[in-house]
Amino acid sequence: MIHSLFLVNASGDIFLEKHWKSVVSRSVCDYFFEAQERATEPENVPPVISTPHHYLISVLRHRIYFVAVIQSEVPPLFVIEFLHRVVDTFQDYFGVCTEAAIKDNVVVVYELLEEMLDNGFPLATESNILKELIKPPTILRTMVNTITGSTNVGEQLPTGQLSVVPWRRTGVKYTNNEAYFDVVEEIDAIIDKSGSTITAEIQGVIDACVKLTGMPDLTLSFMNPRLLDDVSFHPCVRFKRWEAERILSFIPPDGNFRLLSYHVSSQNLVAIPVYVKHNITFREGSSQGRFDLTLGPKQTMGKAVEAVLVSSQLPRGVLNANLNPSQGTYTFDPVTKLLTWDVGKINPQKLPSLKGTMSLQAGASKPDENPTINIQLKIQQMAISGLKVNRLDMYGEKYKPFKGIKYMTKAGKSVSSYLFEFLFI
């Protein structure tokens, strides 16, 4: 399975390595560095790289490459999923998953990696089980460990690992019993200059925060479950009941976890929440160009469009941009030619616009193509696919918990494109 793990920062330095079987030399990462140099963007590094004696499987999270070294053929998605579990565990333990946080908690990092893999095979990847094995670091615990020389490793085995429900510990008790579910959807779309949708898809997840006493058995039903494609479940979900009734039945882990992720690819089901009116022109033989852009909400069911950020990669011949935003602020980097407009919240009564001129190099020819426009946004209390939770029921316990559902739509990021990419052809 996994022989070694290397953590590589944005500058290409290996700042942490862990070996489970034999020690693999750092020189194996030279193949990864060569692929990194050939990639135009950090996200474009191939996730699977074949070498004469190894396979390198990597993910990029928080500007850190997690590179796993494999000596025999294994399902790549299996390794990729485990690497994402490692990142999520670090983020759960340390609040953030950055190079500084990993270096500051390097002892806990090695303890976690030792428990998550046994001889290279995944063993304990559930957060609540790991927290019984290895207590999360605190300032007081760190001081005590420094003085006494003790570690964060627990003295007893987690109770959940000895039960038929390994993702949930026994004897859970809460004064306030609560279950919260967040339906978060990310939309990726490419729109042409006439406003027609070339491609559109939605990636969605349901994240849960369950704090319930005892061993509750939950069922979650949807108004329109047939919308969901390519569904991936947490191990607690009973898959046969989902196939038969399209109902999620599960005994939840204690605390935060991802219940499921899904994909909606049918373009007729993907509603584009904003529209753009634009006029970007360059005249032949002129040293100036015109930039005119207006945004407006569309198919948002009355919900506010917030945190809107517009970016555009202008042609190389543009020296400067003198623009006037009706709302928000803009910046233009003359080196990278990147124009960024921080709009904020869109007011339907007064649509935001960005108008002005662009200065071009003297004698430069007219650009062959107009720039693309990328838009990021957030819409609270709305799932753009139309997915709605019908009801949440609990069995096996007598108390009545507090239940809450929250929806949010935000910009997706597939490879290097943002939420919408308006192509001017």
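The values are calculated or read from the model by the stated rules, or taken from the named source; none is laboratory data. Please read these numbers as outputs of a predicted model, since none were measured by experiment. We place every Cβ from the backbone using ideal geometry, glycine too, and count neighbours over all the protein chains shown. What goes into the accessible areas is simple: the full protein's heavy atoms, side chains included, and nothing from ligands, DNA or RNA. Shrake-Rupley method; radii C 1.70, N 1.55, O 1.52, S 1.80 Å.
Remark: residue 359 matches the filter, which requires a residue to be open to solvent by 20 Å² or more (accessible area, probe 1.4 Å) and modelled with pLDDT under 90. Restricting the search to the stretch 237-258, which residues are open to solvent by less than 70 Å² (accessible area, probe 1.4 Å), part of a strand (DSSP E or B) and not hydroxyl-bearing (Ser, Thr, Tyr)? 237, 247, 248, 250, 255, 257, listed by residue number. For the stretch 186-211, taking the residues that are open to solvent by less than 50 Å² (accessible area, probe 1.4 Å) and of a type in the set (Asp, Glu), the one that is farthest from residue 405 (Cα to Cα) is identified as 192. So is residue 195 on the phi > 0 side of the Ramachandran plot and in contact (Cβ under 8 Å) with a residue 60 or more places away in the chain or not? So residue 195 passes the test.
Give the stretch 2-48 a look and list any residue that's out of contact with any Cys (no Cβ under 9 Å at 6 or more places or on another chain), closer than 19 Å to residue 76 by Cα, outside any helix (DSSP H, G or I) and open to solvent by less than 20 Å² (accessible area, probe 1.4 Å), or say none. Correct list: 2, 3, 4, 5, 7, 45.
In the stretch 395-425, the residue that is modelled with the lowest pLDDT out of those that are assigned to a loop (DSSP other than H, G, I, E, B), among the charged types (D, E, K, R) and within 25 Å of residue 381 (Cα to Cα) is 413.
For every residue, the table says whether it meets (1) at pLDDT 90 or above; (2) open to solvent by less than 30 Å² (accessible area, probe 1.4 Å).
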position: 84; (1), (2): yes, no
position: 88; (1), (2): yes, no
position: 94; (1), (2): yes, no
position: 97; (1), (2): yes, yes
position: 100; (1), (2): yes, no
position: 112; (1), (2): yes, yes
position: 116; (1), (2): yes, yes
position: 123; (1), (2): no, no
position: 129; (1), (2): no, yes
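If you filter the stretch 259-314 down to residues that are in a loop (DSSP other than H, G, I, E, B) and hydroxyl-bearing (Ser, Thr, Tyr), you find that the one that is least open to solvent (accessible area, probe 1.4 Å) is 300. Of all residues in the stretch 230-241, those that are within 15 Å of residue 256 (Cα to Cα) have Cβ atoms under 6 Å from Cβ atoms of residues that are in a loop (DSSP other than H, G, I, E, B), 6 or more apart or on another chain, in 236/167; 236/251.
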